[in-house]
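Participant: The structure is given below, and queries will be raised subsequently.
The values are calculated or read from the model by the stated rules, or taken from the named source; none is laboratory data. As the structure is a computational prediction, the values presented were derived from the model and not from experiment. So basically every Cβ, Gly included, is an ideal-geometry build from the backbone, and we count neighbours across all protein chains shown.
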Amino acid sequence: MSDATDTGPVLAADGTPLKRSLNRALRREKLRALMLIAPLLLFVLVTFIAPIADMLFRSVENNIVEDTLPRTVVALESWDRMTGEPPDEAVFAALAEDLVIAVETKTHTRLGSRLNYEMTGISSLFRKSGRSVKRWDLATDGPFREKFIELDEDWADVGMWAMIQIYSSRYTSGYFLNSVDLQLSPDGIAAREEDQRIYITLFKRTIFMSLTIMFSCVLLGYPIAWLLANLSAKASNMLLILVLLPFWTSLLVRTSAWKVLLQQQGVINDVLVWVGLVDDGNRLIMINNQFGTIVAMTHILLPFMILPLYSVMQTIPPTYLRAAKSLGATNWTAFWRVYFPQSVPGIGAGCILVFILSIGYYITPELVGGTKGVFISNRIAYHISSSLNWGLGAALGTILLAAVLLLYWAYDKIVGIDNVKLG
Amino acid sequence: MSALPPYATTPQRVWYYSFRVICGLIFFFLIAPIVVIIPLSFNAEDFFTFTPEMLAFDPEGYSLKHYQDFFSNSDWQNALYNSVRIAPLATLLSVSFGTLAAIGLSQDHVPFRRAIMAILISPMIVPLIISAAGMYFFYSRIGLQGTYIGVVLAHAALGIPFVIITVTATLVGFDRSLTRAAANMGANPVTTFFKVQMPLILPGVISGGLFAFITSFDEVVVVLFVGSSGQKTLPWQMFTGLREQISPTILAVATILVGISILLLATVELLRRRSERLRGMSPT
């Protein structure tokens with residue numbers, strides 16, 4: 001070798017500097033990995049992430065007022081709602097013009113039901129006015145202010161106009177305020193009427209019931225996981241099947257089983273009557289209430305508590321307990337001071353998992369929860385399929401999603417996503 | 001739990017046995033609801049509880065009429081047909097995309113690995129009702145709501161995390177020198193993949209596929225929103241049955257589904273053992 005090559009950069013076989021050559025190889029490797037991931041990533045982005053983004057968008061979107069009444073919205077901008085006077089003729093003329101077009105495309109009823117979420121009565125006002133406005137001639141029939149007020153006194157209502165003005169922007173926080181029992185009113189953010197405040201209660205109930213289910217799962221899961229971790233491998237494998245079988249059984253099968261068991265004419269009541277604990281006349285009501293939901297969901301989610309607990313407990317050496325006892329600890333002290341602290345990570349993982357799963361549950365509460373045992377997700381489903389207040393459903397969903405993602409982040413910190421194990 | 005030592009005191013003995021009884025009761029709580037529906041599905045009456053004839057083991061009390069109803073009723077048969085039509089295609093989609101991506105993710109240098117992983121796992125974490133709501137909104141925008149393809153795509157998305165998790169878990173123990181050896185002997189990447197890598201990770205791929213299949217086969221929330229009556233699946237039919245006119249046929253269907261889950265559980269368990277054995281063979 002000559003001296004010249006020793007002082008220059010190290011070269012690869014093809015003469016390029018080794019550093020650049022290695023970088024290129026690394027880049028190629030990265031690119032290849034990304035090429036393998038790209039199809040799936042694209043697939044998930046389109047089929048899953050885009051829908052979630054759409055939901056987030058719908059929770060603030062409020063195009064309907066401006067799209068249906070474009071001229072009115074512009075005319076209304078200059079109106080000061082503080083004067084206490086209904087808007088002037090220009091606004092009413094614009095409204096007449098907008099309504100004639102809206103009636104033709106039949107969008108005025110949709111706008112009516114949208115505004116009705118914020119102020120009852122607007123829906124019928126729009127429907128009623130729509131029928132008359134159809135027959136008006138825009139060129140000759142003015143002035144429209146008197147005509148509208150003559151048609152329905154509500155058109156002179158400042159509060160109603162203020163509502164239209166507030167909700168004329170393209171984006172609104174109205175749905176989110178609604179999900180926490182508040183509303184956007186002419187005087188700023190205010191509480192909803194007493195009989196419309198349901199969501200805070202529902203959120204509280206969802207959290208309370210999820211916590212109850214979580215604690216029941218810890219209470220029932222801990223002894224089982226302990227037993228499984230301390231038995232011989234053969235025996236624990238056999239018993240593990242008893243845990244995995246419910247885990248693998250269809251959710252609806254388990255829910256129907258509970259529906260059958262908990263009914264008033266069901267198996268549990270029959271047994272209780274037969275034993276004599278319960279009088280045939282007043283059988284226990286265990287279904288269509290919170291009790292039914294809690295029992296059925298504890299059963300359904302129990303494997304999710306046992307499996308992480310078991311995998312943590314397997315790593316705790318049994319010699320520690322013996323050592324503690326040989327140093328004079330009682331059984332209880334040895335368990336509480338030595339064993340239990342080491343099993344806490346398992347409890348944490350199981351609890352977060354069960355809690356995440358239970359706050360978003362829909363099927364089981366829907367079937368065994370009646371009216372008192374339902375969760376926030378049942379309300380979301382109701383808004384999407386029955387009341388068609390999609391914006392509110394999306395806002396409730398966004399709040400629930402934020403809560404779940406927060407817990408998920410905590411789970412990742414404690415356990416790590418990569419450590420999620422199945423079966 | 002080690003056996004009771006001979007020097008155990010009476011309270012220790014009492015605790016030892018009562019702990020076993022408590023555990024027995026919890027196992028009973030886990031298993032009994034599933035077991036109890038099996039005999040009830042053979043009920044000769046349209047009741048959801050044991051009739052005196054059943055308790056006396058009188059053959060009169062048992063019949064197969066709910067099973068007959070399941071196999072002759074067009075609603076149930078349609079639902080079964082739809083389930084069988086949707087689940088395999090959804091599984092195929094999630095397994096083929098998922099396996100490729102899992103191989104990509106298990107490479108040494110993957111940029112944004114954590115973020116990508118979080119996105120791919122998210123369908124498992126996001127509550128089903130939220131996925132269902134979002135898919136309902138978005139799929140109606142692009143005209144997939146109420147179509148067969150829409151339901152298949154939705155179910156495939158839900159199954160992907162399971163495939164990713166099981167296949168990456170298998171790849172963790174995969175000996176990379178095997179692919180290098182194959183390449184060294186002149187195999188191109190495609191041959192290496194099918195002849196060397198695939199047979200070794202196959203157990204993981206299959207169990208991921210089974211998870212994806214059961215996810216789709218059992219799924220009801222998303223199909224309720226994304227599907228229309230033309231895509232009514234078995235769980236959907238059960239859901240309506242449970243909510244509206246509860247008929248004992250549901251118990252017959254439930255029993256059949258329990259049978260299927262036992263079969264799947266056995267398969268996954270066998271595959272897991274095989275995978276462990278294979279991994280034990282490869283030098284690390």
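Participant: In the range A:221-242, how many are at the interface with another protein chain (Cβ under 7 Å from one of its Cβ atoms) and surrounded by 22 or more Cβ atoms within 10 Å (Cβ to Cβ)?
Facilitator: Residues flagged as at the interface with another protein chain (Cβ under 7 Å from one of its Cβ atoms) and surrounded by 22 or more Cβ atoms within 10 Å (Cβ to Cβ) within the range A:221-242 amount to 2.
Participant: Could you grab me the full set of residues in the range A:358-406 that are part of a helix (DSSP H, G or I), touching a residue at least 12 places away in the same chain (Cβ under 8 Å), at the interface with chain B (Cβ under 10 Å from one of its Cβ atoms) and more than 30 Å from A:Leu111 (Cα to Cα)?
Facilitator: A:Ser358, A:Ile359, A:Ile363, A:Glu366, A:Leu367, A:Val368, A:Ala403, A:Val404
Participant: Let me ask something else. Which of the residues that make up the range A:321-372 are polar (S, T, N, Q) and over 30 Å from B:Pro123 (Cβ atoms)?
Facilitator: Within the range A:321-372, the first condition is being polar (S, T, N, Q), and the residues that meet it are A:326, A:330-331, A:333, A:342-343, A:358, A:364, A:371.
The answer is A:Ser326, A:Thr330, A:Asn331, A:Thr333, A:Gln342, A:Ser343, A:Thr371.
Participant: While we're looking at this one, here's another question. Within the range A:257-271, track down each residue that is free of Cβ contacts under 8 Å to residues at least 60 places away in the same chain, facing chain B (nearest Cβ under 7 Å) and part of a helix (DSSP H, G or I).
Facilitator: Taking the range A:257-271 as the starting set, the residues that turn out to be free of Cβ contacts under 8 Å to residues at least 60 places away in the same chain are A:257, A:260-261, A:263-271.
Add one more test, that the residue is facing chain B (nearest Cβ under 7 Å), and what stays is A:257, A:260-261, A:263, A:265-267, A:270.
Within the range A:257-271, A:Ala257, A:Val260, A:Leu261, A:Val267, A:Asp270 qualify.
Participant: Please go through the range B:121-165 and give me each residue that is buried (at least 24 other Cβ atoms within 10 Å of the Cβ), under 19 Å from A:Ala402 (Cα atoms) and either among the small types (Gly, Ala, Ser) or not assigned by TED's automatic domain parsing to the domain that holds B:Ala79 (or both), ordered by number.
Facilitator: B:Ser131, B:Ala132, B:Ala133, B:Gly134
Participant: Can you tell me which residue among A:Ala323, A:Ala334 is at pLDDT 90 or above, exposed (fewer than 15 other Cβ atoms within 10 Å of the Cβ) and not charged (D, E, K, R)?
Facilitator: Numbers: A:Ala334 fails: exposed (fewer than 15 other Cβ atoms within 10 Å of the Cβ).
That would be A:Ala323, the only listed residue that is at pLDDT 90 or above, exposed (fewer than 15 other Cβ atoms within 10 Å of the Cβ) and not charged (D, E, K, R).
Participant: Residues that are of a type in the set (A, V, I, L, M) and farther than 26 Å from A:His383 by Cβ: find the helices (runs of 4 or more DSSP H) completely inside the range B:109-173 holding 3 or more of those.
Facilitator: Details: elements: B:113-125, B:128-141, B:148-172.
Because the criterion is at least 3 residues that are of a type in the set (A, V, I, L, M) and farther than 26 Å from A:His383 by Cβ, the helices (runs of 4 or more DSSP H) in the range B:109-173 that meet it are B:113-125, B:148-172.
Participant: On the given criteria, is A:Arg322 more than 10 Å from chain B (Cβ to nearest Cβ), in a helix (DSSP H, G or I) and basic (Lys, Arg)? If you could, list the steps in order and put the result at the bottom.
Facilitator: Values: more than 10 Å from chain B (Cβ to nearest Cβ): no; in a helix (DSSP H, G or I): yes; basic (Lys, Arg): yes.
Taking the combined requirement at face value, the residue does not satisfy it.
Participant: With respect to the numbered conditions (1) within 30 Å of A:Ile376 (Cβ to Cβ); (2) assigned to a helix (DSSP H, G or I), which one is the sole condition not fulfilled by A:Ile189?
Facilitator: (2)
Participant: Hey, another quick one. Return the residues of the range B:1-60 that are more than 8 Å from chain A (Cβ to nearest Cβ), over 30 Å from B:Thr255 (Cα atoms) and modelled with pLDDT of 85 or more; say none if nothing qualifies.
Facilitator: B:Thr10, B:Pro11, B:Arg13, B:Val14, B:Tyr16, B:Tyr17, B:Ser18
Participant: Quick check on this structure: which one of A:Asp98, A:Asp154, A:Asp137, A:Asp88 is more than 26 Å from A:Leu182 (Cα to Cα), crowded, with 17+ Cβ neighbours inside 10 Å and of a type in the set (D, E, K, R)?
Facilitator: Details: A:Asp154 fails: more than 26 Å from A:Leu182 (Cα to Cα); A:Asp137 fails: crowded, with 17+ Cβ neighbours inside 10 Å; A:Asp88 fails: crowded, with 17+ Cβ neighbours inside 10 Å.
Sole residue among the options that is more than 26 Å from A:Leu182 (Cα to Cα), crowded, with 17+ Cβ neighbours inside 10 Å and of a type in the set (D, E, K, R): A:Asp98.
Participant: Continuing with this model, one more query. Looking only at the range B:70-87, which residues are assigned to a helix (DSSP H, G or I) and surrounded by fewer than 16 Cβ atoms within 10 Å (Cβ to Cβ)? Lay out the reasoning, then the answer.
Facilitator: Taking the range B:70-87 and keeping what is assigned to a helix (DSSP H, G or I), we get B:70-72, B:74-87.
The answer is B:Phe71, B:Ser72, B:Ser74, B:Asp75, B:Gln77, B:Tyr81, B:Val84, B:Arg85.
Participant: Please name all residue pairs, on different chains or six or more residues apart, with Cβ atoms under 7 Å, provided the first residue is in the range B:162-187 and is in contact (Cβ under 8 Å) with a residue 40 or more places away in the chain and the second residue is among the charged types (D, E, K, R).
Facilitator: Hits for this filter: B:Gly173/B:Arg279.
Participant: Do you know which of the residues in the range B:239-252 that are more than 8 Å from chain A (Cβ to nearest Cβ) and assigned to a helix (DSSP H, G or I) is nearest to B:Val35 (Cα to Cα)? Reasoning before the result, please.
Facilitator: Of the range B:239-252, the ones more than 8 Å from chain A (Cβ to nearest Cβ) are B:240-241, B:244-245, B:247-249, B:252.
If we keep only those that are assigned to a helix (DSSP H, G or I) as well, we get B:240-241, B:249, B:252.
Values: B:Thr240: 23, B:Gly241: 21, B:Thr249: 16, B:Ala252: 12 Å.
Restricting to residues being more than 8 Å from chain A (Cβ to nearest Cβ) and assigned to a helix (DSSP H, G or I), the top hit is B:Ala252.
Participant: Follow-up question, since we're still on this one. What are the pairs, 6+ residues apart or on separate chains, where a residue within the range A:107-130 that is closer than 19 Å to A:Pro186 by Cβ and without any contact (Cβ under 8 Å) to a residue 12 or more places away in the chain has its Cβ under 6 Å from a residue that is hydrophobic (A, V, I, L, M, F, W, C) and crowded, with 16+ Cβ neighbours inside 10 Å?
Facilitator: A:Asn116/A:Ile122
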